[in-house]
Amino acid sequence: MSDIITEQATAAASGTAATEQFRSKQRTQAADVDTKRVDTLVSELLAAAHDIIRRHKVTYAEYDVLKSWLIQVGEDGEWPLFLDVWLEHVVEEVANENREGSKGTIEGPYYIPDAPILAAEATLPMRDGEEGTALLFQGQVRSVDGTPLSGATVEIWHADNDGYYSQFAPNLPEWNLRGTVVADDRGNFGIHTIEPAPYQIPTDGSCGRLIAAAGWHAWRPAHLHLKASAPGHQLITTQLYFKGGSHVADDIASAVKPELILDPGPAADGDGREVTYDFVLDKA
Ligand SMILES: [Fe+2]
């Protein structure tokens, strides 16, 4: 029997990391939201809740379960997970409704900025013998008018073959399967990695308890997370999925769009699969 103790991934550890990561972004700018808008948004949110309570005759016992659960979500550090899984997809839809270029989708809670900078053709940081089917993800970053974008970058992060993200699960090297790829002067890039696995969002915390209580499932389809950007253009945050993969049709986070489904073929070098996907960026 191995004397190496493998630390288990837990919702609380992952949630704590996601909460700390979100705080470090300092994206919350409460002072920029005016009083009238706060009044409108919060009043309408509460009115919707009041309506649900009346229509479904919510009991004190149910109210107390809700209160207890809400307290526990905070203690588990799972607010980033809860919000990104069940609300972010609509925020993203509204934010990007006028884009002409590539479709975006949710960022999710597992992005970390400033991943290692890599050349236009590169292999993501990975362990020796990293498990999983080899994948070459290649393409070009262009403007909506078709111009190849010199100076473009493609940030990529994804789960490993067991469905875990570096910096959020134990026992994974820092920056494993994460990188910032600088495209060449024609916007071209080629990223060698492995195919990520589908994964369940953590099931041992408050979000998992909600899923079990409601009789839902916790699965996300396998996906690559990406951010593509270039000078003078709007950054796009997106995810790409794999045709025929499990849970492409019933993603717990409702983040799949038809335009975001890849269909890789056999790799030209005979090792695994490869796929081409071009990013089209709107002008800033
Ligand atoms: Fe993900």
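A few comments on the model shown:
- Any hit, segment 143-150, residues being within 16 Å of the ligand (Cβ to nearest atom) and either over 28 Å from Asp251 (Cα atoms) or not hydrophobic (A, V, I, L, M, F, W, C) (or both): no
- Residues of segment 228-284 that turn out to be part of a strand (DSSP E or B) and among the hydrophobic types (A, V, I, L, M, F, W, C), as a count: 10
- Any hit, segment 61-77, residues being touching a helix residue (DSSP H, G or I) at 6+ places or on another chain (Cβ under 9 Å) and among the polar types (S, T, N, Q): yes
- Residue satisfying all of: in segment 87-104; of a type outside the set (A, V, I, L, M, F, W, C) and loosely packed, with under 11 Cβ neighbours inside 10 Å; nearest to Leu281 (Cα to Cα) among these: Glu100
- Just one of the listed residues (Gly74, Gly104) is touching a residue at least 60 places away in the same chain (Cβ under 8 Å) and closer than 30 Å to Tyr199 by Cβ, namely Gly104.
- Residue match in segment 43-56 (condition: assigned to a helix (DSSP H, G or I), of a type in the set (A, V, I, L, M, F, W, C) and touching a residue at least 12 places away in the same chain (Cβ under 8 Å)): no
- Among the criteria (1) under 13 Å from Pro196 (Cβ atoms); (2) out of contact with any Ser or Thr (no Cβ under 7 Å at 6 or more places or on another chain); (3) crowded, with 16+ Cβ neighbours inside 10 Å, the one Ile252 does not fulfil is (1).
Bear in mind these aren't lab numbers, they're just calculated from the coordinates by the rules spelled out. If you're wondering where the values come from, they're calculated on a predicted model, not measured in any experiment. Positions of Cβ are generated from backbone atoms using ideal geometry, with glycine treated the same way; all protein chains shown enter the neighbour counts.
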